[in-house]
Every structure is written in C-alpha cells, then in structure tokens.
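J.: Questions regarding the structure given below will be posed in turn.
The values are calculated or read from the model by the stated rules, or taken from the named source; none is laboratory data. Everything numeric in this text was worked out from a predicted model, so none of it was measured. Glycine also receives a Cβ, built like all others from the backbone with ideal geometry; neighbour counts cover every protein chain displayed.
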Amino acid sequence: MGEVSVKLTVNGQPRAATVEPRVTLADFLREQLQLTGTHLGCEHGVCGACTVLVDGAAVRSCLMFAVQADGAEVTTIEGIGSPDGGLSAVQSAFRDCHGLQCGFCTPGFVVSVTAFLRDHPNPTDPEIREALSGNLCRCTGYQGIVNAVQQAAGAARRGELR
Amino acid sequence: MTERAADGGARYAGARVHRVEDDRLLTGRGTFVDDVSLPGMLHACFVRSPIARAAIQRIDTSAALALPGVRFVFTAADLNPGVREQWHTTIGKEMPETPRPPLAEGEVRFVGDPVALVVAESRYLAEDAAELVEVDYEPLPAVVDYTEAEHAKALVHESHGSNVIAQLTTVPASAFDEVFASAAHVASETIYQQAYAPVPIEGRGLVVDYSSVTGDLTIHASTQTPHEVRLFCSRLLGMPEERVRVVTRDTGGGFGQKVMVQRDEMCLMLAGPVVGAPLKWVEDRRENLLAAGKSRQEHAAVKMAFDADGAIQAAYIDFVQDCGAYPTPWPLFPAAAVGTFFPGPYRVPRGGFAVKTLYTNTVGRAPYRGPWQFESLAREVLLDIAARQMHVDPAELRRRNLLRRDELPYKNPNGMNYDNISPLETFEQALAMLDYAKFRAEQAEARSAGRYLGVGLANYVEASTPGYGVYGTEPATIRIAPTGRITVYVAGGSSGNSIETTVVQLTADALGAKIEDVDTVQGDTAVTGFGAGTAGSRSGSMTAGAVRETAAVLRERILAIAAHELGVAIEDIELADSRASVRAKPAVGVSFKDLAALADAPAGLEASARYTANSPSIWVNATHVCTCEVDVATGRVQLLRYIVSEDCGPMINPNVVEGQIAGGTVQGIGGVLFEHLAYDDDGNPVATTFMDYLLPTAAEVPAIEFGHIETPSPGPGGYKGVGEGGAIGAPPAVVNAVADALSPFGVKITRLPLGPSQIVALLDR
Ligand code: FES
Ligand code: FES
C-alpha cells in the first residue's frame with residue numbers, strides 16, 4: 001500500500017513521517033512515534049482511552065487517520081504535564097483524589113478533562129458527569145475521577161490549568 | 001498526607017498516602033503489554049469461528065500466506081501437538097478439566113472459537129491475512145439456551161457424553177419438606193441473572209520472546225498472575241521452569257478475567273518459539289467480548305421458610321449455571337460456593353443446596369469478581385419478596401435474622417464457619433447513613449405525587465484470602481542498598497489494586513523507614529518468589545503477611561548491627577525515619593544507609609521470607625443500600641443515593657479500600673441496569689462492541705458514600721480482603737430498590753437485566 005507523507009507538530013515538536021493512508025492517528029502515535037501513553041480500549045470511538053488534542057480539540061485518535069492530522073498540532077498525554085516532568089493541575093488532582101487504579105483509561109480522561117476545564121472553568125456537578133460520559137473506566141466507579149475534576153476546576157478558575 | 005503516630009515514627013498504614021503507581025500512569029509512561037515493542041517483533045491475529053457449532057471441513061491458508069509480510073498461518077495441526085501438559089498451579093493437576101485444544105480441532109464450539117493464528121509483520125497485515133484464510137464449515141445443531149442443555153440431543157463435547165458438566169447435591173430439597181410444610185411463611189422463587197463480563201478496558205495480551213540461542217522464553221503479559229503464567233507455560237511447552245520468565249509491569253484491569261491461562265494465550269505460547277522473532281497478540285474489543293469469557297448467566301430455585309415472627313427456619317437453593325463451551329477453570333467448585341454461601345450473614349438453622357453446571361455453544365465461563373455472587377443476589381431478592389408477602393418492612397425482616405456478634409463463631413448449615421464479622425453493625429450503620437425512616441416518608445410523599453422512589457438493601461458475607469494450597473503462601477524479599485534505598489520484592493499481579501503502594505506503606509512501617517525511601521519491584525518472575533497473584537481478594541492480607549515476616553528478619557539484623565555500632569543493648573534501639581537511634585538519646589543514631597554499607601557492602605542488607613496463612617479464609621461483610629427513582633413511562637432507573645458500609649478490618653489505605661468498593665459496586669450496577677453479553681437463538685453474540693455492550697458511565701452512577709466498621713481478622717495486621725465485595729453487594733441492592741419503587745404496581749422482579757424495555761414490559765404485564 002502506498003505511503004503518504006505527513007508533517008505535524010506533536011507535543012510542541014515538529015514531526016515528519018510517511019504513513020499508509022489507512023493508519024489511524026492512534027496507531028501512528030503509538031507505533032511510529034512511540035508515544036504509547038495514548039491507549040486503545042475499543043478502536044470504535046466509544047471508550048475515549050485514545051483521546052488526544054488536535055488543534056486544541058479533544059479527539060478520539062482511533063477514529064481519525066494519521067493523514068488527517070497533516071499540518072495539525074497534536075498534544076498527547078506525554079505533552080500534558082510540564083516539560084520538567086511535573087504534573088499538570090488535572091494530573092495532580094487525579095493523583096490526590098484516587099482518580100485512577102489500573103491507569104489504562106487515565107490518559108484519555110486527563111486529556112478530555114484538560115480540554116473540558118479549559119472551556120468550562122465553572123462546571124456544575126451534572127456538567128462534569130456529562131462531560132465525563134464520553135470516557136469509560138472500569139476500575140474506579142468514577143468516584144475519584146469526579147472528585148478530581150472538581151478539584152482541578154478550582155485550578156482552572158484561577159487560570160492554573162497547566 | 002501521612003499521619004504521625006505516638007512513637008514519633010511515621011505511620012503509613014491507615015493513611016491516604018499518594019500512590020506510587022500514579023506518576024508514571026498519569027503521564028503516559030506506564031508499560032502495558034501493548035506498549036512493549038521488541039526488535040523484529042511480529043504480530044498475531046486469530047481467525048475465529050463465525051458459527052456457534054460446526055465441523056471444520058477444510059482450512060485453506062494459501063491466499064493468506066501469499067500476502068507479502070505474512071510469515072505463518074498456524075492451524076490446530078501445527079500448534080496442538082506441541083501441548084505437553086495443561087493445568088493451573090492454583091487448581092492442581094488432579095482436578096478434572098474440559099478438554100481445551102489451543103486451536104479448534106475438527107469442531108468449532110462457539111462464535112469466536114479460535115481456528116487459525118496468522119503471524120505477520122504488522123497487526124494491519126495480520127488482520128488482512130486473517131480475512132484471506134478460507135475455512136469450510138458444516139454447521140451442526142448448537143446448544144444455545146443453557147436451560148435446555150441438559151436434555152438437548154446435541155452435545156457440546158461429545159467426549160463428555162452429556163451437557164451436564166458436573167453436579168452436586170448436599171441434601172435433597174425434599175429433606176426439608178416438613179419444615180416448609182409447617183412454616184408460618186414460605187417464600188419461593190426462581191431467579192435469573194443474565195450473562196455479563198469483567199470487560200477490563202485493556203484486553204488480554206502477550207508478547208512472547210524466545211531465544212533459540214539460550215533457550216530462554218520471556219513473556220510480557222497482561223495478567224493478574226505472572227507466576228501462574230510462567231509455570232503454566234513451562235508445563236505447556238515441556239520447558240524447564242527456570243527457562244521461562246514472565247514480566248508484567250502494568251495491567252489494565254483484570255477483575256478475574258486475567259487469572260487463568262486461556263486457549264488464545266496457549267496458542268501464543270506455542271507459536272512464540274517457532275516464529276523466530278518476538279510475537280505480540282493484543283486482543284481488540286470485539287475479541288474480548290467474543291472470546292475472553294462470560295460470567296454470571298445462571299438461575300436458581302430458592303426458597304426460605306419463616307416462623308410466625310419472621311425468623312428464618314430453613315433456606316434451600318437449587319442452582320443451575322451456564323458454563324459455555326470452554327469454562328476455565330472446571331466450574332463445579334466455584335458453583336458449589338453459591339450453595340455454601342447462600343445462607344449469608346443470617347441465622348439459618350437448616351439448609352442445603354444442589355448445583356448443576358452445563359455446557360453450551362457459547363463463550364466459556366471465566367472468573368469475575370465475586371464469581372459466586374449469585375448467592376447474595378438470590379438470597380437478598382428473595383428476602384425482599386418474602387418481606388412484601390409477609391407485610392413486614394424488609395429492614396425489619398433482616399434485622400430479626402442478622403447474626404449478632406455474640407453468636408460468633410457461627411456455623412451455617414452448609415458448613416461455613418463465620419467469625420470476626422459484624423453484619424448487624426454494618427446494616428445499622430448503612431441505614432443510619434441513609435436515615436431510613438426519613439426516606440420512607442419521602443417515598444410516601446413522592447408516591448402521592450405520582451413519583452416512584454425505592455430503596456434496596458443487601459447484606460453479604462464473603463470468604464476472602466483463601467488460605468489453602470498455593471494460595472495460602474506469599475513471599476517477599478526486602479533489600480536495603482548501601483545508597484539507603486529500600487526495595488521490597490513481591491510476586492505482584494496488580495491490575496489496578498494498588499499493591500505497589502500498600503506494600504510500600506507496610507514495608508516503611510515494618511522497618512521504621514521513611515516511605516519515600518521505599519521502592520517496590522513486582523510482576524517479574526525472575527526476581528520475585530512464587531505467589532498466586534491477584535485473586536480471591538487475597539493481595540492485601542497475603543502481602544501484608546509476607547512483608548511482616550520478611551521485615552521481622554531484617555529488623556533483627558538492623559538492630560543487631562546498630563546495637564554493636566552504637567555500643568548499646570538491642571532493646572535500647574528504636575527504628576524510625578530510616579534511622580536506628582538510642583531510645584534514651586534520640587540524637588545518637590545511625591542511618592539505614594550507613595548500616596547497609598557497614599553490613600555487607602556492597603550487598604547491603606537483605607532478607608527473604610515466606611508467609612503462610614493461618615486460617616482457611618478471612619470473612620468480610622458489608623451492607624449495600626441504594627435508593628432510586630423509576631420513570632414508569634420510560635422504564636428509566638435513576639440511582640439517587642448509594643451507601644456501602646463495609647467491615648474489612650483496619651484499612652491499609654482508605655483510598656484504596658474505597659476505590660475497590662466503588663469500582664466493584666459500579667460493575668454490579670452495570671450488571672443490573674446496562675450490561676448483557678447476549679446471544680441470539682442461533683448462538684450469535686449480539687453485543688460485541690461498546691455500542692451494544694453498555695458499560696455504566698459517570699453520568700449514570702451516583703456518588704457512593706462509605707461507612708466503615710472495623711473488626712480485625714485473625715490475619716496479619718487484622719486486614720481483610722476487599723477486592724470483590726462491591727460486585728457482590730450491588731446487584732441485589734439495585735434490584736431491590738427498583739422492585740421497591742415498583743411495588744405499588746404489584747411487580748415482582750426475578751429476571752435480569754433491568755433495562756428500560758424490561759421494566760416497561762414488567763409494568764405492562
Ligand atoms: S479506543 Fe478510541 S474511543 Fe476507544
Ligand atoms: S483506572 Fe482502570 S479503567 Fe480506569
């Protein structure tokens with residue numbers, strides 16, 4: 001199968017590669033760029049484990065082809081924290097609130113919540129639950145996750161999301 | 001976030017300390033099996049049966065093999081002869097087992113049955129090639145409905161001679177005819193639970209890496225039991241066990257599904273050494289829902305006799321379970337647990353059970369968190385039905401029958417000897433947290449306004465931490481390096497249950513170390529001793545025992561060296577903050593770092609020991625209380641409050657305990673309201689994506705409120721197992737809440753699931 005070239009920015013770094021048109025953005029990130037923090041829980045757009053930011057929008061990378069990200073700016077879980085390895089406000093809140101157990105769903109939640117709080121720094125409880133309903137977690141029963149979003153919303157209001 | 005104990009040393013057990021797992025998992029730096037990438041690695045994909053039962057006439061692999069990049073296509077004839085022995089260490093060689101050919105041989109027995117294994121240079125190519133493998137099937141009559149399996153003409157396993165796998169009756173139901181005939185009240189129902197499954201968000205997977213030069217086989221596995229995978233594999237291939245190493249870093253949830261070695265995984269173990277390169281298989285969601293195993297799917301005729309005051313006189317359960325085509329393990333003993341636990345935490349003077357397990361042409365039964373939880377579902381649903389019949393409040397009926405502390409130890413009629421439990425306390429605590437009387441008043445008010453609220457109660461007692469056989473032992477090694485870093489090595493098998501954190505907490509406490517000085521290594525069989533992994537709610541208690549035994553040896557050595565170094569008696573030394581100091585003169589002391597250097601530089605200080613369990617099981621009890629509102633027009637159930645009062649003894653880390661309870665509870669809620677691993681009449685699975693298999697999301701789940709009662713167990717630290725209880729207590733609490741809400745309509749609920757369509761149908765009846 002013919003390969004096409006793509007150029008994009010991933011976590012602030014310019015990347016260029018050739019890729020089969022059928023390769024999903026998720027597989028491209030995981031296999032070609034070795035950014036394995038983006039996880040696959042269903043590969044059909046329901047679980048949200050593969051969520052990344054594409055030009056700032058939370059996107060399911062299993063539903064998008066790598067070639068569609070040509071020219072885009074992509075942020076994965078590896079690019080969410082501060083460059084020195086410190087945790088973002090959302091990541092710290094997940095740690096403080098026991099918002100993760102096995103951690104497999106976690107990158108997708110952290111990325112989704114980061115985008116959500118950036119756009120909705122004052123969420124109500126039902127809004128939080130609604131926003132989280134696009135991501136599946138089988139371990140936590142969502143208790144710690146909801147608490148983490150509430151805690152991180154405080155940081156969002158103070159403009160300290162990162 | 002840690003508490004200070006009176007002696008001045010840090011005390012971490014009992015504190016909500018941050019997890020040591022979190023930094024890597026939050027930043028995308030975990031290592032799940034699909035993240036393992038080795039040079040030259042090949043990728044595997046299964047060809048699976050599209051038919052519930054058929055004879056395999058012919059398999060043509062030529063088109064698949066002709067595809068560039070495809071290296072091998074294996075069929076049963078290639079792989080199956082490689083099997084030497086196949087049995088699990090935890091189950092034993094003597095236990096009967098369903099014949100489990102790695103690839104289907106001659107006959108396929110369920111939709112999803114692995115027929116061929118394609119190996120190619122990429123997962124994409126392997127999937128392409130799998131579609132090119134031509135298999136001619138001759139369909140055969142399939143046994144789909146387990147309630148008809150016993151008398152079906154078709155046999156799932158011809159060699160077994162019957163679709164009844166095994167059955168067991170302790171006492172026939174007729175033995176209690178007199179009690180039931182003379183009882184003031186009798187409640188008797190047949191209760192059904194549908195198939196649902198663990199569904200970890202990460203599927204199963206392996207990377208098998210064989211070196212023909214050294215003969216070493218390394219397996220990276222998504223598993224709850226790395227040491228079992230290692231020993232199973234060594235026997236399967238007839239390889240010396242020291243040649244096989246299993247490495248598990250992060251496992252994305254298991255809930256029982258990743259305890260045993262399944263047929264798909266055997267195929268990878270057999271193919272790995274043949275393909276000349278590392279070989280990866282990671283199942284996708286469809287495979288997980290098709291082939292990783294189902295759970296639940298069972299029913300029972302249950303009955304209870306009561307005297308005029310509502311005291312239980314006898315309880316009987318006649319239980320029937322669907323085990324699919326390839327149950328793992330042999331299902332009789334897990335099924336018998338449904339019988340033995342059926343009396344629950346109640347005063348039940350007489351009782352017995354019968355259990356029957358059946359083959360069908362559906363995916364095989366696999367363990368799932370609280371594999372026997374049907375006992376609680378059946379008992380608690382029956383108690384509510386009985387209360388309604390007797391016009392007694394369901395809380396009052398339970399209160400009259402719950403075991404009191406002064407009656408312990410108490411032997412139930414099926415031989416279970418309960419002790420160190422507090423069913424009446426958790427019950428009263430949970431009711432108080434709800435304010436039961438107030439809820440009843442709100443319910444009455446709502447009803448008069450045409451709104452239907454309900455409350456559901458459920459009590460259970462479960463046996464955690466099996467103390468027999470290989471389950472009853474757990475090792476640890478603790479090393480203090482000359483750098484001062486302390487590393488604790490345990491068998492591992494965490495799949496989200498935080499045993500890295502809890503083991504670090506316990507080790508820091510046991511040695512008097514600062515928690516930030518302690519690391520842990522788990523899941524690598526090359527550097528840890530055999531332990532049976534995460535199963536049976538055993539990790540907490542067993543690793544606590546292992547750390548206690550090992551730390552005791554190490555403490556003695558630290559004390560001896562420190563006493564010598566400081567010129568005082570051993571009794572005068574105290575260990576705290578990673579330092580040995582003189583009790584009377586705390587400023588005089590020596591750090592663990594310096595002691596390790598003194599001891600045996602550069603080896604440091606090291607000890608290994610093994611804990612052996614002191615009781616056959618550790619009992620845990622809890623009460624679940626759930627309230628809901630049912631929209632009688634749409635059949636939609638909205639959960640309002642959810643309360644769990646649990647007695648798991650002292651908590652090593654309350655965050656971890658509550659996290660386990662919450663996770664299990666939401667799985668139980670899902671099992672009642674949303675999840676159904678359904679098949680059509682021809683044996684085709686109809687829920688093979690997350691569009692059809694509905695998991696609960698944050699939007700459907702209420703906040704869970706926790707109450708804790710603390711009755712120490714006889715085990716190390718008084719700890720108990722808490723991994724499974726949520727999934728046991730939740731289903732009956734939710735069912736009872738819905739039934740209570742619908743009681744004005746005279747609706748009786750005896751069948752799950754309770755989706756909107758089922759509820760509307762119940763109301764239409
Ligand atoms: S893997 Fe993309 S949504 Fe599930
Ligand atoms: S933490 Fe395991 S799936 Fe969410």
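J.: Testing B:ASP177 on (1) surrounded by 14 or more Cβ atoms within 10 Å (Cβ to Cβ); (2) farther than 22 Å from B:PHE72 by Cα, one condition comes back false. Which one is that?
T.: (1)
J.: From B:LEU453, B:LEU457, B:LEU506, which residue is in contact (Cβ under 8 Å) with a residue 12 or more places away in the chain, in the same structural domain as B:SER541 (by TED's automatic domain parsing), among the hydrophobic types (A, V, I, L, M, F, W, C) and in contact with a helix residue (DSSP H, G or I) (Cβ under 8 Å, 6 or more places away or on another chain)?
T.: B:LEU506
J.: Looking at segment A:32-59 only, could you name the residues that are closer than 25 Å to A:ALA16 by Cβ and in contact with a His (Cβ under 9 Å, 6 or more places away or on another chain)?
T.: Of everything in segment A:32-59, just one residue is closer than 25 Å to A:ALA16 by Cβ and in contact with a His (Cβ under 9 Å, 6 or more places away or on another chain), namely A:CYS50.
J.: I'd like to check something: does segment B:287-309 contain any residue that is surrounded by fewer than 24 Cβ atoms within 10 Å (Cβ to Cβ), in a strand (DSSP E or B) and among the aliphatic types (A, V, I, L, M)?
T.: Yes, because at least one residue in segment B:287-309 is surrounded by fewer than 24 Cβ atoms within 10 Å (Cβ to Cβ), in a strand (DSSP E or B) and among the aliphatic types (A, V, I, L, M).
J.: On to the next question. Name the single residue, out of those in segment B:251-274 being among the charged types (D, E, K, R) and not in a loop (DSSP other than H, G, I, E, B), that is surrounded by the fewest Cβ atoms within 10 Å (Cβ to Cβ).
T.: The initial filter retains those residues of segment B:251-274 that are among the charged types (D, E, K, R), namely B:258, B:263-265.
Narrowing further to those that are not in a loop (DSSP other than H, G, I, E, B): B:263-265.
Working: B:ARG263: 19, B:ASP264: 23, B:GLU265: 26.
Filtering first and then ranking leaves B:ARG263.
J.: Another question, if that's okay. Return yes when B:ALA463 is farther than 24 Å from B:CYS648 by Cβ and small (Gly, Ala, Ser) and no when it is not.
T.: Judged against the criteria, B:ALA463 is not a match.
J.: Taking segment A:122-148 on its own, how many of its residues are β-branched (Val, Ile, Thr), away from ligand 2 (no atom under 14 Å from the Cβ) and assigned to a helix (DSSP H, G or I)?
T.: Result for segment A:122-148: 1.
J.: Might you let me know whether segment B:732-746 holds any residue that is among the hydrophobic types (A, V, I, L, M, F, W, C) and either part of a loop (DSSP other than H, G, I, E, B) or surrounded by fewer than 17 Cβ atoms within 10 Å (Cβ to Cβ) (or both)? Break it down into steps so the answer makes sense when it comes.
T.: The first filter runs over segment B:732-746 and keeps only residues among the hydrophobic types (A, V, I, L, M, F, W, C), leaving B:733-735, B:737-739, B:741-742, B:745.
Remaining after also requiring either part of a loop (DSSP other than H, G, I, E, B) or surrounded by fewer than 17 Cβ atoms within 10 Å (Cβ to Cβ) (or both): B:742, B:745.
Yes, that holds for at least one residue.
J.: Can you tell me how many residues within segment A:92-115 are away from ligand 1 (no atom under 16 Å from the Cβ), within 18 Å of A:GLN143 (Cβ to Cβ) and not in a loop (DSSP other than H, G, I, E, B)? I'd like the intermediate steps shown before the answer.
T.: Kept after step one, since they are away from ligand 1 (no atom under 16 Å from the Cβ), are these residues of segment A:92-115: A:92-101, A:114.
Imposing the further condition that a residue be within 18 Å of A:GLN143 (Cβ to Cβ) reduces the set to A:92-101.
Subset that is not in a loop (DSSP other than H, G, I, E, B): A:92-96.
Looking only at that region, the number is 5.
J.: All but one of (1) in contact with a Phe, Trp or Tyr (Cβ under 9 Å, 6 or more places away or on another chain); (2) more than 14 Å from every other protein chain (Cβ to nearest Cβ); (3) acidic (Asp, Glu) hold for A:ASP55; state the number of the condition that does not hold.
T.: (1)
J.: Just to be sure I understand, how many residues within segment B:242-260 are over 19 Å from B:VAL207 (Cβ atoms) and in contact with a Lys or Arg (Cβ under 7 Å, 6 or more places away or on another chain)?
T.: Summing the residues that are over 19 Å from B:VAL207 (Cβ atoms) and in contact with a Lys or Arg (Cβ under 7 Å, 6 or more places away or on another chain) in segment B:242-260 gives 2.
J.: Further question: Taking segment B:415-428, which residues are polar (S, T, N, Q) and buried (at least 21 other Cβ atoms within 10 Å of the Cβ)?
T.: Result: B:ASN420, B:SER422, B:THR426.
J.: Give the number of residues within segment B:196-214 that are free of Cβ contacts under 8 Å to residues at least 60 places away in the same chain and buried (at least 24 other Cβ atoms within 10 Å of the Cβ).
T.: 1
J.: Does segment B:219-231 contain any residue that is among the charged types (D, E, K, R) and more than 13 Å from B:GLY272 (Cβ to Cβ)? It would help to see each step written out before you state the result.
T.: If we filter segment B:219-231 for residues that are among the charged types (D, E, K, R), which is where we start, we get B:228, B:230.
In the following step, the residues that additionally are more than 13 Å from B:GLY272 (Cβ to Cβ) were identified as B:228, B:230.
There is at least one residue in segment B:219-231 that is among the charged types (D, E, K, R) and more than 13 Å from B:GLY272 (Cβ to Cβ).
J.: Considering only residues that are part of a loop (DSSP other than H, G, I, E, B) and under 24 Å from the mean Cα position of the chain (by Cα), which ones fall in segment B:19-30?
T.: Selection gives B:ARG19, B:VAL20, B:GLU21, B:GLY30.
J.: Moving on. Taking the condition of being in a loop (DSSP other than H, G, I, E, B), among the small types (Gly, Ala, Ser) and touching a Phe, Trp or Tyr at 6+ places or on another chain (Cβ under 8 Å), how many residues in segment B:31-60 meet it?
T.: 2
J.: Another question, then. Scanning segment A:31-46 for residues that are more than 6 Å from ligand 1 (Cβ to nearest atom) and within 8 Å of chain B (Cβ to nearest Cβ), which turns out nearest to A:ASN11 (Cα to Cα)?
T.: Narrowing segment A:31-46 to residues more than 6 Å from ligand 1 (Cβ to nearest atom): A:31-39, A:44.
Remaining after also requiring within 8 Å of chain B (Cβ to nearest Cβ): A:31, A:34-39, A:44.
Details: A:GLU31: 16, A:GLN34: 13, A:LEU35: 10, A:THR36: 13, A:GLY37: 12, A:THR38: 13, A:HIS39: 16, A:HIS44: 24 Å.
This residue is A:LEU35.
J.: Can I ask one more? For segment A:116-151, what are the residues that are buried (at least 24 other Cβ atoms within 10 Å of the Cβ), of a type in the set (S, T, N, Q) and within 16 Å of ligand 1 (Cβ to nearest atom)?
T.: The answer is A:ASN135, and nothing else.
J.: Return the residues of segment A:47-80 that are touching a helix residue (DSSP H, G or I) at 6+ places or on another chain (Cβ under 6 Å), near ligand 1 (Cβ under 9 Å from one of its atoms) and touching a residue at least 40 places away in the same chain (Cβ under 8 Å); say none if nothing qualifies.
T.: A:GLY48, A:ALA49, A:CYS50, A:THR51
J.: Output the residues belonging to segment B:282-300 that are over 18 Å from the mean Cα position of the chain (by Cα), over 16 Å from B:ASP113 (Cβ atoms) and within 14 Å of chain A (Cβ to nearest Cβ).
T.: Correct list: B:VAL282, B:ASP284, B:ARG285.
J.: Okay, next question. Would you be able to say whether some residue in segment B:62-84 is part of a loop (DSSP other than H, G, I, E, B) and either buried (at least 18 other Cβ atoms within 10 Å of the Cβ) or in the same structural domain as B:PRO685 (by TED's automatic domain parsing) (or both)?
T.: Within segment B:62-84 (the criterion being part of a loop (DSSP other than H, G, I, E, B) and either buried (at least 18 other Cβ atoms within 10 Å of the Cβ) or in the same structural domain as B:PRO685 (by TED's automatic domain parsing) (or both)), the answer is no, since none of the residues qualifies.
J.: Run down B:ALA560, B:ALA584 and say which single residue is surrounded by fewer than 17 Cβ atoms within 10 Å (Cβ to Cβ), over 41 Å from the mean Cα position of the chain (by Cα), in the same structural domain as B:VAL488 (by TED's automatic domain parsing) and not in a helix (DSSP H, G or I).
T.: B:ALA584
Each row is one residue, and each column tells you yes or no for (1) more than 21 Å from the chain's Cα centre (by Cα); (2) of a type outside the set (Lys, Arg).
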| position | (1), (2) |
| --- | --- |
| B:VAL302 | yes, yes |
| B:GLY324 | no, yes |
| B:TRP330 | no, yes |
| B:ASN361 | yes, yes |
| B:ARG369 | no, no |
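J.: Could I ask something else about it? Scan segment B:119-131 and tell me whether some residue there is out of contact with any Cys (no Cβ under 8 Å at 6 or more places or on another chain), surrounded by fewer than 16 Cβ atoms within 10 Å (Cβ to Cβ) and over 30 Å from B:ASN655 (Cα atoms).
T.: Taking every residue of segment B:119-131 in turn, at least one turns out to be out of contact with any Cys (no Cβ under 8 Å at 6 or more places or on another chain), surrounded by fewer than 16 Cβ atoms within 10 Å (Cβ to Cβ) and over 30 Å from B:ASN655 (Cα atoms).
A quick yes/no check of all residues on (1) aromatic (Phe, Trp, Tyr); (2) under 22 Å from B:ASN736 (Cβ atoms):
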{"site": "B:LEU279", "(1), (2)": "no, no"}
{"site": "B:PHE319", "(1), (2)": "yes, yes"}
{"site": "B:PRO327", "(1), (2)": "no, no"}
{"site": "B:PRO334", "(1), (2)": "no, no"}
{"site": "B:VAL348", "(1), (2)": "no, yes"}
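J.: Among the residues of segment A:94-113 satisfying the criterion of being within 15 Å of ligand 2 (Cβ to nearest atom) and over 25 Å from A:GLY45 (Cα atoms), which is farthest from the other protein chains (Cβ to nearest Cβ)?
T.: Of all residues in segment A:94-113, those within 15 Å of ligand 2 (Cβ to nearest atom) come to A:94-95, A:97-113.
With the extra rule that they be over 25 Å from A:GLY45 (Cα atoms), the set shrinks to A:95, A:97-98.
Details: A:ARG95: 4, A:CYS97: 8, A:HIS98: 4 Å.
Going through the qualifying residues, I end up with A:CYS97.
J.: Name every residue in segment A:68-93 that is surrounded by fewer than 24 Cβ atoms within 10 Å (Cβ to Cβ), within 11 Å of chain B (Cβ to nearest Cβ) and more than 17 Å from A:ASN11 (Cβ to Cβ), in order of residue number.
T.: A:SER92
J.: Would you mind telling me which numbered condition in (1) within 24 Å of the chain's Cα centre (by Cα); (2) part of a strand (DSSP E or B) B:ALA314 fails?
T.: Failed condition: (1).
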